[in-house]
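Participant: Okay, here's the structure, questions in a sec.
The values are calculated or read from the model by the stated rules, or taken from the named source; none is laboratory data. Nothing here was measured: the structure is a model prediction, and the numbers come from that model. Reconstructed Cβ throughout: ideal geometry from the backbone, glycine too, with neighbour counts over all protein chains shown.
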């Protein structure tokens, strides 16, 4: 699991960039990609390396949508809420999926199995409404189709 | 990926002449009559399975013993405009256009088209109105009405191969600028071309450059805004995915013109393929000595690096973007000082968007006069639009400025499915507005769109039909901006949510006509008081829909009715007993158990249990579920 790998990989990630404040976002992105979230230990290490005060790094980590300070679920589902998708009912699709998974809004299920997030536009408007399930585009999704795909992941 | 010294020594181009010689050799080696298969590998086509088609075609060709090159990895979602009909396969040199190709079709394509020279009828594009089958790319109305300047190479070249780019003339403009022109002359050429920024505001590009160039000596920067955040827009992504060298070349020219040695491309993290292709382009350009020291023997040094965005719409604003590149929170800062005086790391900087940079390459290659001959008096050149929503041909269209809205949507776009008109066309992203059918003959250029209450924006063009509610659309954009507001200045932070809350009430059938007056005064305050364009333009969605669709607002407020059947609190779902087959699909789908009825007999919906989630509507294969 990702969390146990933290001691092994984090130093390697930190060493990828020079110790300058301008590399803060690069480092956070790489850590987010490797561990699915940014732990407070990781944030401290990044601050030590780049010389950015922790308060400022925390501000950055909470400002940008792509960073998460909490672990995310095993399966990551993005529902696109871009304009073209919105017109084709993606708002309802997101709501229905979250209701099915017992979520009140975008977030992670208690069993850490799923994280549902909404995204403003994937730039794949020809496929609207579109969702990303673990990075795979699901063109022209409907609520029943998406639920089936998501259910299958849980069964695996 | 570092290219070793040995590799670069072999490839480096030392001068304009060496570049021209290489291009000549590459062109001579190409046989224009050679049969080639082009498989669209843009994000859209890949999502529809084009990788499987490429594999199947390769296997079928190998089995047939044909030595024909399959060129995958070429295009983007916008590529040929029929992304929703992808995967697309084009057979050169005749440009036979196949759509919705499946791996199972590969054998037939190889046997019939490649070996026997016949077309496979069922894979051809069918005209949406006449039903006529169209054989080649050029004859499809979608392309016939376009004028491709920025998109010219997209779909023609493999974006991961710099040789392909050289063949179609990449870096010719930069070579000319660096070798034969003084920086001042480059700026003059861009001014004379009349190019205005394609990112939204339409500021004259050359004048912006001039402001930064005036600071003599010292560190300066050029930046490329590839944080294409407007929902419903993917022009820049397609350019980066399909022709990344056009962006790199434009930035080299810009760097030379203003005296910058470093460029930054700020790309949305949601665009992994664009980042990959750009990275490859940078590596190749360095290997050929087009980036790095003493480019083409001109003595000019320049290199580019990529910053990935981290998911903040406001970073599309230039000052916020620069803060983000510095590794900080992406909040805008007041202007002046303008970035041309004090930008990235406090140094004079020029930021242009992807499409602008690509245009710069073309202008330097073909000349300012050529570019100034395109478009209208005040809006020169072409504009790429992402035509999406309720339109038959979804995709990227590049048209001369000044073309009528009707031509784009009804002719190039093939019209609105099931209707002879559009209800509204939304342009300019969240900052823009909705234009009604009455404005169908409006010329599309920077100034006409602003006069009509919208704006050019970066080029999203979203077509809406009678099933789309204007109150809902306005509410959608406000919700978007509320979430994306950085929160620094209060007119935006507090004003936008108040606008949205008022519309929320309307969509529940509450509120009064006086609320509309309040919307106007609040909108004025937000416009006047916001720090950056995100807040300053936020009220446009409300103002433009009120201007053209006031009836629809009043229907919500006075009649408690949503004429388009969208606003949840004002609609009811019912089942048409004549059409219902009693298959129970809707009953199984309903999370509330609100659908009842015996198997094989018409079902009914208990309105008191219904939460209007639309699951019954989506699960019905017979169209028996109705929304009113």
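Participant: Quick one: count up the residues across region B:273-329 that are in a loop (DSSP other than H, G, I, E, B) and closer than 27 Å to residue B:458 by Cα.
Facilitator: Within region B:273-329, residues that are in a loop (DSSP other than H, G, I, E, B) and closer than 27 Å to residue B:458 by Cα number 9.
Participant: Quick one: would you say residue A:73 is more than 17 Å from the chain's Cα centre (by Cα) and modelled with pLDDT under 95?
Facilitator: Here the answer is no, as residue A:73 does not meet what is asked.
Participant: With respect to residue A:103, is the statement that it is away from chain B (no Cβ under 11 Å) and under 29 Å from residue A:25 (Cβ atoms) true?
Facilitator: In short, yes.
Participant: Look through B:487, B:457 and report the one residue that is within 12 Å of another protein chain (Cβ to nearest Cβ), buried (at least 24 other Cβ atoms within 10 Å of the Cβ) and more than 20 Å from residue B:552 (Cα to Cα).
Facilitator: Answer to the selection: B:457.
Participant: On the basis of being under 28 Å from residue B:484 (Cα atoms) and surrounded by fewer than 21 Cβ atoms within 10 Å (Cβ to Cβ), does residue B:561 make the cut?
Facilitator: Criteria not met by residue B:561.
Participant: Hey, can you tell me all the residues within region A:112-138 that are farther than 16 Å from residue B:232 by Cβ and either within 11 Å of another protein chain (Cβ to nearest Cβ) or without any contact (Cβ under 8 Å) to a residue 24 or more places away in the chain (or both)?
Facilitator: A:117, A:131, A:132, A:135, A:136, A:137, A:138
Participant: Let me ask something else about it. Quick check, is residue B:542 in contact with a helix residue (DSSP H, G or I) (Cβ under 7 Å, 6 or more places away or on another chain) and surrounded by 22 or more Cβ atoms within 10 Å (Cβ to Cβ)?
Facilitator: yes
Participant: Just to confirm my filter: which helices (runs of 4 or more DSSP H) fall fully inside region A:32-128 and include at least 3 residues that are within 29 Å of residue A:156 (Cβ to Cβ)?
Facilitator: Correct list: A:90-100.
Participant: Just to verify a result, which residue in region A:47-69, among those that are over 29 Å from residue B:389 (Cβ atoms) and within 10 Å of the chain's Cα centre (by Cα), is surrounded by the most Cβ atoms within 10 Å (Cβ to Cβ)?
Facilitator: Only one residue fits best here, namely A:67.
Participant: Does region A:143-156 contain at least one residue that is closer than 19 Å to residue B:46 by Cα, assigned to a loop (DSSP other than H, G, I, E, B) and within 13 Å of another protein chain (Cβ to nearest Cβ)?
Facilitator: The answer is no, given that none of the residues of region A:143-156 is closer than 19 Å to residue B:46 by Cα, assigned to a loop (DSSP other than H, G, I, E, B) and within 13 Å of another protein chain (Cβ to nearest Cβ).
Participant: For residue B:303, work out the one condition from (1) more than 30 Å from residue A:58 (Cβ to Cβ); (2) at pLDDT 95 or above; (3) within 14 Å of chain A (Cβ to nearest Cβ) it doesn't fulfil.
Facilitator: The number of the failed condition is (3).
Participant: If you check B:217, B:194, which single one turns out to be without any contact (Cβ under 8 Å) to a residue 60 or more places away in the chain and over 19 Å from the mean Cα position of the chain (by Cα)?
Facilitator: Within the list B:217, B:194, the selection yields B:217.
Participant: Can you name every residue in region B:507-534 that is modelled with pLDDT of 95 or more, more than 32 Å from the chain's Cα centre (by Cα) and crowded, with 18+ Cβ neighbours inside 10 Å?
Facilitator: none
Participant: Being assigned to a loop (DSSP other than H, G, I, E, B), over 12 Å from residue B:155 (Cβ atoms) and modelled with pLDDT of 75 or more is true for just one of B:112, B:94, B:55. Which residue is that?
Facilitator: One residue alone meets the criteria, B:94.
Rundown of residues vs (1) surrounded by 13 or more Cβ atoms within 10 Å (Cβ to Cβ); (2) out of contact with any helix residue (DSSP H, G or I) (no Cβ under 8 Å at 6 or more places or on another chain); (3) not assigned by TED's automatic domain parsing to the domain that holds residue B:508, yes/no style:
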{"position": "B:565", "(1), (2), (3)": "yes, yes, yes"}
{"position": "B:578", "(1), (2), (3)": "no, yes, yes"}
{"position": "B:581", "(1), (2), (3)": "yes, yes, yes"}
{"position": "B:585", "(1), (2), (3)": "yes, no, yes"}
{"position": "B:589", "(1), (2), (3)": "yes, no, yes"}
{"position": "B:596", "(1), (2), (3)": "no, no, yes"}
{"position": "B:601", "(1), (2), (3)": "no, yes, yes"}
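Participant: Go through B:325, B:409, B:394 for me and flag whichever is over 26 Å from residue B:177 (Cα atoms), at pLDDT below 95 and buried (at least 20 other Cβ atoms within 10 Å of the Cβ).
Facilitator: B:394
Participant: Against the conditions (1) under 15 Å from the mean Cα position of the chain (by Cα); (2) closer than 22 Å to residue B:543 by Cα; (3) not in a helix (DSSP H, G or I), where does residue B:422 fall short? Just the number, please.
Facilitator: It fails just one condition, (1).
Participant: Still on this structure, I have one more. Please pick out the residue among A:77, A:31 that is closer than 30 Å to residue B:388 by Cβ, more than 9 Å from chain B (Cβ to nearest Cβ) and surrounded by 22 or more Cβ atoms within 10 Å (Cβ to Cβ).
Facilitator: Answer to the selection: A:77.
Participant: Identify the single condition in (1) buried (at least 22 other Cβ atoms within 10 Å of the Cβ); (2) more than 7 Å from chain B (Cβ to nearest Cβ); (3) more than 25 Å from residue B:588 (Cα to Cα) that residue A:93 does not satisfy, given that it satisfies every other one.
Facilitator: (3)
Participant: So which residues in region B:603-621 are away from every other protein chain (no Cβ under 13 Å), surrounded by fewer than 12 Cβ atoms within 10 Å (Cβ to Cβ) and within 42 Å of the chain's Cα centre (by Cα)?
Facilitator: B:607
Participant: Kindly provide the set of residues from region A:18-28 that are in a loop (DSSP other than H, G, I, E, B) and within 9 Å of chain B (Cβ to nearest Cβ), ordered by number.
Facilitator: Listed by number, the list holds a single entry, A:20.
Participant: Confirm whether residue B:428 is touching a helix residue (DSSP H, G or I) at 6+ places or on another chain (Cβ under 9 Å), crowded, with 21+ Cβ neighbours inside 10 Å and not assigned by TED's automatic domain parsing to the domain that holds residue B:132.
Facilitator: Criteria met by residue B:428.
Participant: Let me ask another. For region B:34-54, name all the residues that are touching a strand residue (DSSP E or B) at 6+ places or on another chain (Cβ under 9 Å) and surrounded by fewer than 20 Cβ atoms within 10 Å (Cβ to Cβ).
Facilitator: Passing the criteria: B:34, B:35, B:36, B:51.
Participant: Out of region B:140-199, which residues are under 24 Å from residue B:406 (Cα atoms), in contact with a strand residue (DSSP E or B) (Cβ under 8 Å, 6 or more places away or on another chain) and either at pLDDT below 90 or not in a loop (DSSP other than H, G, I, E, B) (or both)?
Facilitator: Those that are under 24 Å from residue B:406 (Cα atoms), in contact with a strand residue (DSSP E or B) (Cβ under 8 Å, 6 or more places away or on another chain) and either at pLDDT below 90 or not in a loop (DSSP other than H, G, I, E, B) (or both): B:140, B:142, B:145, B:196, B:199.
Participant: Test residue A:140 against the stated conditions and say whether it is over 21 Å from the mean Cα position of the chain (by Cα) and assigned to a loop (DSSP other than H, G, I, E, B).
Facilitator: yes
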